[in-house]
1. Per residue, what accessible area does the chain have, given a 1.4 Å probe and all protein chains present, in Å²?
2. How far is helix 2-12 tilted off the main Cα axis of the chain, in degrees rounded to 10, range 0 to 90?
3. Just to verify a number: FRET efficiency for Met1 and Thr63, C-beta to C-beta distance, R0 = 25 Å, to 0.05?
4. Taking the Cα atoms only, what angle lies between the long axis of helix 42-63 and the longest principal axis of the chain, rounded to 10 degrees?
5. Non-local amide H neighbours of Glu14 (under 5 Å, H modeled in plane, Pro and chain starts lacking H): which ones?
6. Any idea what angle helix 101-120 forms with the longest principal axis of the chain, computed on alpha-carbon atoms, 0 to 90 degrees, nearest 10?
7. Taking amide H positions as placed in the peptide plane 1.01 Å from N, state which residues far from Leu34 in sequence (5 or more) or on other chains have amide H under 5 Å from it.
8. What list of ³J(HN,Hα) couplings, whole Hz, do you get for the range 82-90 from phi and the Karplus terms 6.51, -1.76, 1.60, once you set θ to phi - 60° and write x for glycine and proline?
Amino acid sequence: MFKQALSEIVERTEGATGALIMGMDGIAVEKVFLPEGSDTNMDVAAAEVTSLVRSALRAGNNTGIGPLQELVANFDEVRILARMFSPEYFVVLTLSPDGNIGRGRYELRKAELRLAREFAL
């Protein structure tokens, strides 16, 4: 079920190269990569994004601005979108530099609602 959800996100987002469900421990629960995504070491990059997510969560809590919902990181070779769907898990979408961020954000929001239900069971 998780692999299918990730595949749908990648298929529906122009320029997407992969999607992962990540735990706060930096380990992927499930992942789907297109060939161009797997060539750029996205698995390792997504694990490293976990430290950014933890820092953003801590900043939100320490300053009282609330919990993290979404994080966007733009690099020369890739764009990474992360969306929280539970206190311990988030979904990551990797895109090419010209990928459709707006569509990616929309698909991650839909996935958040779907995955939150699945992980709550």
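The values are calculated or read from the model by the stated rules, or taken from the named source; none is laboratory data. All of these numbers come straight from a predicted model, not from anything done at the bench. Virtual Cβ from ideal backbone geometry, glycine too; neighbours counted across all protein chains shown. Note: accessible area is taken over every heavy atom of the protein model, side chains too, but ligands, DNA and RNA are not part of it. Shrake-Rupley method; radii C 1.70, N 1.55, O 1.52, S 1.80 Å.
1. Details: 6560 Å² over 121 residues.
For the chain, the per-residue accessible area is 54 Å².
2. With rounding to tens, the tilt is 60 degrees.
3. The formula returns an efficiency of 0.10 here.
4. 30
5. Those lying under 5 Å, H to H, from Glu14 are Asn100.
6. 60
7. Hits under the 5 Å cutoff: Gly18.
8. 10, 10, 5, 10, 7, x, 10, 9, 8
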